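What follows is a short report on a single structure.
The values are calculated or read from the model by the stated rules, or taken from the named source; none is laboratory data. Everything numeric here is computed off the predicted structure, so don't read it as measured data. As a convention, Cβ positions derive from the backbone with ideal geometry for all residues, glycine included, and neighbour counts pool all protein chains shown.
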Amino acid sequence: MQKLIFTKVYSMHFLSILQRSLLIYQWQNIFEIMVISWILYTVIRLLAQDVQKPLLRYFCLYFSIIIIAYSYECSTLQLLILVTAPALLTFFTVIHQETLQKNFVALYRPAISTKKDLWHSHLIQFCQKQASKNQSTAFIIEKKQNLESFLTIGVSCNSTFSPIFFDLLYSSPLVFTEQFLLLQYDGTLRGINTEIQPHTVLHTSTSSDEKELFLSAKTDALILKMDSATLTFTCIHNNKKLPHLSAHTTNTILNTFFEIKTHSLEGTMYADTFHAHHKKTESP
């Protein structure tokens, strides 16, 4: 009986403490917390798009210093942060202006509707046609992230994908087949004779395979290559290289890349293919 009374008294005491604590936060406080949280989330998501400079790390470090200064009542540090905040924000924006603009565009780029007449299927057929002419093909397919800082584009252009137009391109002596064509997510041709720049953290004599893997690790792009000698495809995406692929498997991988829903059996082929090639690569 005493135990039951003690439990009831303890519960009522706990509820009274909880009620007093909740009364501190009025609806204005909740609204302010929600607005500030949304602003912080948007900024963090924007900064996280940059894979070249640790913008998000600097941002978190700055806010950590603010929290520590106010928690331990460091008045001098608080005043310094308050006075230098506009200058730091201006300096940060100027230094990373180009990167921030690219990331802002990528963050709010609308989703591209996929037509029934899928352009990447025609791209695979075009690669097979060129392979029958003993001509290899190579493409970099850009998704959301801008790739200009990673690439050297020989000729910039803006043309919708067309097998006839691409056939004319590869018949021209101005197009170097050992270099890439840069395509957007919707099939728009953005660049001809495109090369991957060796990054500063890598040695200048980096091989083409290392540069391709580096690009796929640092961006959301996909590299598609067709070897005219073996008549097989190679897909490089997310720091993974899948060589010697058939046209059907390549089409399934591209469907996954373009987030196109297919039959459940085909939907698992990408993972099965990767694991098979991954085990083959790791085996001695």
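Would you check if residue 41 is hydroxyl-bearing (Ser, Thr, Tyr), surrounded by 11 or more Cβ atoms within 10 Å (Cβ to Cβ), at pLDDT 60 or above and more than 21 Å from residue 151 (Cα to Cα)?
It is false that residue 41 is hydroxyl-bearing (Ser, Thr, Tyr), surrounded by 11 or more Cβ atoms within 10 Å (Cβ to Cβ), at pLDDT 60 or above and more than 21 Å from residue 151 (Cα to Cα).
Where the second residue is basic (Lys, Arg) and outside any helix (DSSP H, G or I) and the first is touching a residue at least 24 places away in the same chain (Cβ under 8 Å) and lies in the range 117-132, which pairs have Cβ atoms under 8 Å and are six or more apart or on separate chains?
Partner pairs satisfying both residue conditions: none exist.
Return the residue satisfying two criteria in turn: it lies in the range 212-232 and is assigned to a helix (DSSP H, G or I) and touching a residue at least 60 places away in the same chain (Cβ under 8 Å), and of such residues it is farthest from residue 136 (Cα to Cα).
So the residue we want is 218.
Does the range 93-100 contain any residue that is crowded, with 17+ Cβ neighbours inside 10 Å and modelled with pLDDT of 85 or more?
No - not one qualifying residue is present in the range 93-100.
Restricted to the range 233-251, and to residues that are among the polar types (S, T, N, Q) and in contact (Cβ under 8 Å) with a residue 24 or more places away in the chain, which residue is nearest to residue 208 (Cα to Cα)?
239
To keep it simple, each residue is scored yes or no on (1) among the aliphatic types (A, V, I, L, M); (2) closer than 30 Å to residue 46 by Cβ; (3) assigned to a helix (DSSP H, G or I).
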position	(1), (2), (3)
135	no, no, no
148	no, yes, no
155	yes, no, no
158	no, yes, no
164	yes, no, yes
173	no, no, no
194	no, yes, no
